[in-house]
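Just so it is clear, none of the values below were taken in a lab; they were calculated from the coordinates. For clarity, every value in this text was computed on a predicted model and none was experimentally measured. Cβ sites come from the backbone with ideal geometry, for glycine too, and all protein chains shown count toward neighbours.
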Amino acid sequence: MKSTPQITVLSPALSLLLATATGLAVASIYYVQPLLGLLSGQFGVGSAAIGLLPTLTQLGYGAAILLLSPLGDRFDRRRIIVIKAAALVLALSLAALAPGFAALCVASVAIGLAATLAQDIVPAVAALAPEAERGKRVGQVMTGLLLGILLSRVASGSLAAAAGWRAVYAVAAIAVAALIPLLWRSLPSFVPATSAGYGSLLASMAGLWMRHAPLRRAAIAQGLLSVAFSAFWSTLALVLAGPDFGQGSAVAGAFGLAGAAGALAAPLAGGLADRRGPQAVIRIGALLVFIAFAVQALAPASLWLLVGVAIVFDLGVQAALVSHQSVVYSLDSASRSRLNAVLVSTMFVGMASGAALGSTLLASFGWRAVPALGAVAALGALAVAGRR
């Protein structure tokens, strides 16, 4: 069964709504990170146990990307988006009301599962956008996604300091709930692109990987850039607290604003990809990441240089991602949800690997080893992007 062209115009208002929904969905994964100290005291558990909360959230998110996101090709995306938004409201509400640590662990898994709402919205935007503007439109929504990642920690820490950790989850649930009627009224019904069964959908992702060389290049290159991205952000607080910088958690949280500055350029990168072709933008993005990390690894320690590095490499990562999505979504209009699942799951592996490698290198060789890793990963992405 083939999908029919959508008649809904992807207006600026609808783009803003979808970008907001994407940002709030993905932010739900990261609210817990600044709260771990408060939660440890609240429930009387040690640092090892409290670390389960972000781990379980990420595991839920990763599992749902592979197991649930492909359903967007089989069922009406509008219904999936609204159902997941409602599930996210319930999961956030459970976290806000959690009577104990075990309940909060269950809520963390549920938040991760439902937060993949973001990965259903992006293929929906690709389907609604005119082909000549697909990169720009996807870039607008991806700005919301990256802003959600980068600003969630700032919002969570500030609200928890003022009103307690439960208020973070309660406000988040209210915000997502307010979007549900708007999403239902504004989005069209999407005709399913396939009638394949669930097992066939999952199996077909391996076939898509084997059949489309551009998908493999995009996933591997973006996965390598995700290694660099995650290595920086997962070690930043420890680096800033070290003797070279001597800064506290407030400064670490404020770095989200520096990263957000780079994220705001995503629509520009998408528009450039529409006009000049995505491959040029991908190479420029990977080069920016390499330059930023190479300078950080070689230059004297400087807080302002670190801010500049965050802006430049976030811009590069985001520009490459939007352009890679433009490449991937053009491969097969009937498989966009599965193509997106392959791309994002590979990025997820890169993020996890970057966090682990960054922490290990920081402990073993000092903070300069982290940008060295980022530079090497960016060179690898450049090499992959340059292949034909």
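What FRET efficiency do you get for Ala203 and Leu305 if R0 is 51 Å and r is their Cβ-Cβ distance, rounded to the nearest 0.05?
0.60
Please give, to one decimal in nm, the separation of the simple spin-label points placed at Thr55 and Glu131, each 7 Å out from Cα toward the Cβ.
4.8
Based on the Cβ-Cβ distance from Ser195 to Arg276, what FRET efficiency comes out when R0 is 45 Å, to the nearest 0.05? Walk me through the numbers on the way to the answer.
Values: r = 38 Å, r/R0 = 0.84.
E between Ser195 and Arg276, to the nearest 0.05, is 0.75.
How far apart, in nm, are the 7 Å Cα→Cβ label points at Ala177 and Leu238?
3.9
What's the extension gain from Phe43 to Phe75 if we count 0.36 nm per residue and subtract their Cα-Cα distance?
Numbers: separation 32, 0.36 × 32 = 11.52 nm, distance 4.08 nm.
Extra length from Phe43 to Phe75 when fully extended: 7.4 nm.
With the radius of gyration and the Kirkwood radius both derived from the Cα set of the stretch 12-195, what is their ratio Rg to Rh? Numbers along the way, then the final one.
Values: Rg = 16.5 Å, Rh = 16.6 Å.
Looking at the stretch 12-195, the ratio lands at 1.00.
Summing -39500 (n - 2.57) over the DSSP H runs of n ≥ 4 in the chain and dividing by its residue number, what mean residue ellipticity at 222 nm do you reach, to the nearest 500 deg cm²/dmol? Before the final figure, lay out the partial values.
On the way: 17 runs with 307 residues, N = 388.
Roughly -27000 deg cm²/dmol at 222 nm, from the helical runs in the chain.
Rg(Cα) of the stretch 282-373 divided by 2.2 N^0.38 Å? Show your work: numbers first, answer last.
Working: Rg = 15.7 Å, N = 92, 2.2 N^0.38 = 12.3 Å.
After normalising by residue count via 2.2 N^0.38 Å, the value is 1.28.
For the stretch 204-385, treating each Cα as an identical point scatterer without solvent, what Debye log10 I(q)/I(0) comes out at q = 0.08, 0.12, 0.13 1/Å?
So the normalised log intensities work out to -0.25, -0.54, -0.63.
What does the highest-first list of 328-337, 280-289 look like by mean Cβ count within 10 Å? Spell out each step's value before the answer.
Numbers: 328-337: 21.0, 280-289: 23.8.
The densest-packed peptide leads the list: 280-289, 328-337.
Select from Leu343, Ser330, Gly144 the residue farthest towards the positive end of the dipole of the chain; place +1 on Cβ of Lys and Arg, -1 on Cβ of Asp and Glu, and compute about the Cα centre.
Ranked along the dipole, the leading option is Ser330.
Considering only C-alpha atoms, what is the centroid distance from the stretch 46-73 to the stretch 320-338, in Å?
Between the Cα centres of the stretch 46-73 and the stretch 320-338 lies a distance of 23 Å.
Find the centroid of the Cα atoms in the stretch 190-239 and in the stretch 80-151, then give the distance between the two in whole Å.
Using only Cα atoms to place each centre, the spacing works out to 17 Å.
Grab every C-alpha pair in the chain, bin the distances at 10 angstrom width from 0 up to the longest one, and report whole percents.
P(r) for the chain, in whole percents per bin: 5, 24, 34, 26, 10, 1, 0.
Summing +1 for each Lys or Arg and -1 for each Asp or Glu, what net charge is found among the other residues whose Cβ lies under 15 Å from the Cβ of Leu35?
Values: positive: Arg153, Arg166; negative: none.
Computed value for this residue: +2.
What share of all Cα pairs of the stretch 102-251, in percent, falls into each consecutive 5 Å distance bin?
Histogramming the stretch 102-251 at 5 Å steps yields 1, 6, 9, 15, 18, 17, 14, 10, 6, 3, 1, 0 percent.
Could you give the size of the charge dipole of the chain about its Cα centre, using +1 on the Cβ of each K and R and -1 on the Cβ of each D and E, expressed in debye and rounded to the nearest 20? Write out the running numbers ahead of the final one.
On the way: 23 positive and 9 negative charges, 163 e Å.
Charge dipole, the chain, about its Cα centre: 780 debye, nearest 20.
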